[in-house]
Amino acid sequence: VSSLPGIDDALALVLDWVQPLGGEDVAVARAAGRVVAEPALAVTDLPPFDSSAMDGYAVRAADTPGELTVVGHSAAGRPETRALGAGEAIVISTGAVVPEGADAVVPIERTSGEVEVERVGPGDNVRPRGGDARTGDVIAERGDVLRPAQLGALAAAGVATVRCTRRPRVSVLATGSELRAPGEVLAPGEIYESNTVLLAAQLESAGAEVTVLEAVGDEEHATRAALEGGLQSDVLVTSGGVSVGPHDLVRAALAALGAEEIFWRVAVRPGKPIAFAVRGETLIFGLPGNPVSSLVGFELFIRPALLGLQAARDPGPPYLPGRLGAAVERNEHRDELLRARTRITDDAVVLEPLTGQESHMIVRSAAASALVLVPRGTGALAAGAPVSYLRI
Ligand code: AMP
Ligand code: MG
């Protein structure tokens, strides 16, 4: 067992086979979560003009405090064309152009009567042109995963479309003669099929375009036919049937279809019997059927592969530092990922392992917000020990 690849070795093998996909133009309004393929540049200064930060009066700072004559009105989108002269004020609204000749804005709260203004300094309450960004500045870099604030920044800078890597097309296939869809009635020995729902949600959150294939029973021909369909995708993810039982048919079927197995089994718990294979450009992940193994295997290997296919700068997994909330026994041979709740204290994120750590216990796992990495070794890790964790 100790000769099995560890998590890092297995991930390195996967990433070796990852080739970034091609690019496509994506409307900024539809680009949430997408990975940028070419830098996106501001097409305007931001703000595009000196603009008012307040509702008030545009003035010359040197004229304040004092009595000024109101000579015009600059509203947002309706600039005052007249320049401001000595002793004059122009009514101005937030976001409106600061008129020629003015160098400050007196907020309306600080004016008494109509034009009696308090003292302001040059530049007060003015947002200078280009203060946020300049034309040609890089707003999104190659490899960025676009998040809401960055989408807002692109739109504000006048960017309508952004070149992104295309989304990986991923097929998901559940195998197992015991599987029934939720909503149907279970016959003796059957269980509800849950892994494709779980996987589809994970895959979509990693940017994939997901096709869930019709589940197949543990039957050779049906398994092979279903796999052949899935092999047309960029990535094929299978669930179940990769262990050592007589009904575990996925690996042999993949081999018969010409797939090359890169590894089978990783020194990790849960999820040891995971298989990784390739055929042509298609990456194939054979996940064990236990739902928690599936959940963990996805985060360790498939999410990084998908981010790699999209040429994200850092494919992860994005481990964070935390501290154990309770002592845990280590596994001698396998790195372990414990499901845990997180608790924030003054100086650390504390990870409280859940009761019910067995790999079929998806309901127990659903209460977890973290997967805590407990490296293999002998003896226990004490409460308070520093550990790495993944958010789930
Ligand atoms: P396997 O990896 O095929 O040996 O399956 C391991 C365990 O996971 C068995 O208890 C299966 O019934 C269960 N299982 C397999 N596939 C699924 C699935 N798609 N949804 C829920 N449980 C599954
Ligand atoms: Mg099975």
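The values are calculated or read from the model by the stated rules, or taken from the named source; none is laboratory data. Only a predicted model underlies this, so the values are computations on that prediction, with no experimental measurement involved. Using ideal geometry, Cβ is built from the backbone for each residue, glycine included, and neighbour counts are taken over all protein chains shown. Side chains included, ligands, DNA and RNA excluded: accessible areas come from the protein's heavy atoms. Shrake-Rupley method; radii C 1.70, N 1.55, O 1.52, S 1.80 Å.
State whether the residues of the range 337-350 include one that is open to solvent by less than 10 Å² (accessible area, probe 1.4 Å), within 22 Å of Leu231 (Cα to Cα) and under 25 Å from the mean Cα position of the chain (by Cα).
So in the range 337-350, the residues open to solvent by less than 10 Å² (accessible area, probe 1.4 Å) come out as 337, 339-340.
Imposing the further condition that a residue be within 22 Å of Leu231 (Cα to Cα) reduces the set to none.
For the range 337-350, residues open to solvent by less than 10 Å² (accessible area, probe 1.4 Å), within 22 Å of Leu231 (Cα to Cα) and under 25 Å from the mean Cα position of the chain (by Cα): absent.
Which ranges mark the strands (runs of 3 or more DSSP E) fully within the range 245-363 that have 1 or more residues being over 20 Å from Leu198 (Cα atoms) and within 16 Å of ligand 2 (Cβ to nearest atom)?
Working: elements: 260-264, 275-279, 282-287, 320-324, 335-344, 349-353.
Of the strands (runs of 3 or more DSSP E) lying wholly inside the range 245-363, those with at least 1 residues that are over 20 Å from Leu198 (Cα atoms) and within 16 Å of ligand 2 (Cβ to nearest atom) span 260-264.
Inspect all residues belonging to the range 224-240 and state whether any of them is open to solvent by 50 Å² or more (accessible area, probe 1.4 Å), within 16 Å of ligand 2 (Cβ to nearest atom) and either not hydrophobic (A, V, I, L, M, F, W, C) or not in a loop (DSSP other than H, G, I, E, B) (or both).
Yes, the conditions are met somewhere in the range 224-240.
Applying the selection to the range 50-97, what residues are of a type in the set (Ser, Thr, Tyr) and touching a residue at least 60 places away in the same chain (Cβ under 8 Å)?
Once the filter is applied, which keeps residues that are of a type in the set (Ser, Thr, Tyr) and touching a residue at least 60 places away in the same chain (Cβ under 8 Å), the range 50-97 yields Ser51, Ser52, Tyr57.
Among the residues of the range 195-212, are any open to solvent by less than 80 Å² (accessible area, probe 1.4 Å), among the β-branched types (Val, Ile, Thr), within 16 Å of ligand 2 (Cβ to nearest atom) and outside any helix (DSSP H, G or I)?
no
Hey, among Leu179, Leu146, which residue is at negative phi and within 16 Å of ligand 2 (Cβ to nearest atom)? Spell out the reasoning first.
Details: Leu146 fails: within 16 Å of ligand 2 (Cβ to nearest atom).
So the residue among Leu179, Leu146 that is at negative phi and within 16 Å of ligand 2 (Cβ to nearest atom) is Leu179.
Can Gly183 be described as open to solvent by 40 Å² or more (accessible area, probe 1.4 Å) and out of contact with any Ser or Thr (no Cβ under 7 Å at 6 or more places or on another chain)?
Here the answer is yes, as Gly183 does meet what is asked.
Has the range 248-259 got at least one residue that is touching a residue at least 24 places away in the same chain (Cβ under 8 Å), within 14 Å of Val278 (Cβ to Cβ) and away from ligand 1 (no atom under 15 Å from the Cβ)?
Checked the range 248-259: at least one residue is touching a residue at least 24 places away in the same chain (Cβ under 8 Å), within 14 Å of Val278 (Cβ to Cβ) and away from ligand 1 (no atom under 15 Å from the Cβ).
Quick one: what pairs do we get from the range 164-184, first residue in contact (Cβ under 8 Å) with a residue 24 or more places away in the chain and closer than 19 Å to Pro288 by Cβ, second open to solvent by 70 Å² or more (accessible area, probe 1.4 Å) and near ligand 1 (Cβ under 9 Å from one of its atoms), C-beta under 7 Å, 6+ apart or different chains?
Leu179/Ile191
Could you check Asn290 against (1) within 11 Å of ligand 1 (Cβ to nearest atom); (2) open to solvent by less than 50 Å² (accessible area, probe 1.4 Å); (3) of a type in the set (S, T, N, Q) and say which number it fails?
(2)
Does Val26 satisfy being open to solvent by less than 20 Å² (accessible area, probe 1.4 Å) and assigned to a helix (DSSP H, G or I)?
Answer is no for this residue.
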